1. Any idea which of PRO135, TRP232, GLY265 is furthest toward the positive side of the dipole for region 33-306, if Lys and Arg beta-carbons carry +1 and Asp and Glu beta-carbons -1?
2. Fewest Cβ neighbours within 10 Å first, please rank TYR128, TYR254, TYR279 accordingly.
3. Please compute the net charge surrounding LEU211, taking Lys and Arg as +1 and Asp and Glu as -1 over other residues with Cβ under 10 Å from its Cβ.
4. What does the charge add up to near LYS225, with Lys and Arg as +1, Asp and Glu as -1, over the other residues with Cβ less than 11 Å from its Cβ?
5. Would you mind counting up the charge near THR42? Only other residues with Cβ under 11 Å from its Cβ, with Lys and Arg at +1 and Asp and Glu at -1.
6. Semi-axes of the equivalent ellipsoid for region 33-306, please: Cα gyration tensor eigenvalues, times 5, square-rooted, ordered largest first, whole Å.
7. Amide H neighbours of GLY80 under 5 Å, counting only residues 5+ apart in sequence or on other chains, H built in-plane at 1.01 Å?
8. Strictly over 32 Å apart at the Cα level, which of LYS73/LYS176; LYS46/LYS97; LYS46/LYS225 would you flag in this model?
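Readers should treat all values here as calculations from the given coordinates under stated rules, not as data from a laboratory. For clarity, every value in this text was computed on a predicted model and none was experimentally measured. Backbone-built Cβ (ideal geometry, glycine too); neighbour counts: all protein chains shown.
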Amino acid sequence: MTSTPTPSATNQTKRMDIPELPRRLYTLGEEPEPHNSISYHTDNKKLHTALREALTDAEFEELKESRLGVFIKFKEQGFGWASRLVHYLLCLKLDIKKKYEMWCLVGPEPARFSLLEFENITGLNCEYIEDLETPECEVTPEMVSFWGMMGVHLEAGPTTDQIIAALKRCGDWSRKDRKRLAYLSIFTGFIEGRKFSTATRATLARLVMDLERFENYPWGRVAFKVLMDSLWNKDITGCYTVDGFIQVLQVWAYTAIPGLGASIGSPRANSPSPPILAYEGSRGRGFMKAVILSQVPFHLHLIKLSGKSSSWTT
């Protein structure tokens, strides 16, 4: 005769099947309330306007269809930034030791944001290469001349402000030099995404002298690292700034928590690809925290079934 497990025994078995999770960074109910909107630097209207006016229609369309064109398409869509949503996600982070992964406990299960998710959402090249941030690039007379045209010191990368100024006076530059300037607009404005007056890294900016190499560089991996470096140990108890393409976290929330994307993400018709282009976004709302906590992510199940793991090798 087979005995039926008692409810208490069944519940105990279920508890044993649930892996022990790292502790939360903030105790439930004691998360820091948002103050002002999160400060970020990847929504510069002056940069986009100057870029659009500096290029011909054909040049601008070519830029949009390039491997980095997703940033331009994203900007043109007028995405609605929801600072409260991203802030509350950061409040739900688990205390893990992997710098290049973020796990947020939404409901009873955690959802992961890593290089895999960043690549899937943006469609950017995230391939691994050696010396990602310090590639070899010979200083040539042509580079010296181009840096001089931009008004940038040879040992520095251009600031966003310097790129905007150069865009306003590049009308008589060669087509190749205008294309270089356009790519550097994306580099400074979205990939590095730092304060407008802050110099970018010359080691990476110099790659623009070889347009084919620049176009095929794993800029997705660079952009992901900029964002995660900025978020690492970030104090979110007051006003704070995040470098890099932070809007991707908002879209990640829409994709990792489908109910959230459907209810407040304003999905676009026909689900454009990549997913970063599939939502109109929404402004912050006072009840955003309650909406998040009412959802259950499905991302953890996908990870278990696929066996995929995210790795970061520098």
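1. GLY265
2. On the way: TYR128 12, TYR254 26, TYR279 23.
Result, fewest neighbours first: TYR128, TYR279, TYR254.
3. Working: positive: LYS176, LYS179, ARG180, ARG213; negative: ASP210, GLU212, GLU215.
Local net charge: +1.
4. Numbers: positive: LYS99, ARG221; negative: GLU133, GLU192, ASP229, ASP243.
Value of the local net charge: -2.
5. -1
6. Working: eigenvalues 230, 73, 61 Å².
In descending order, the three semi-axes are 34, 19, 17 Å.
7. Counting only residues 5 or more places away or on other chains, the set is GLY281, SER282.
8. Values: LYS73/LYS176 22 Å; LYS46/LYS97 38 Å; LYS46/LYS225 25 Å.
Long pairs (Cα-Cα over 32 Å): LYS46/LYS97.
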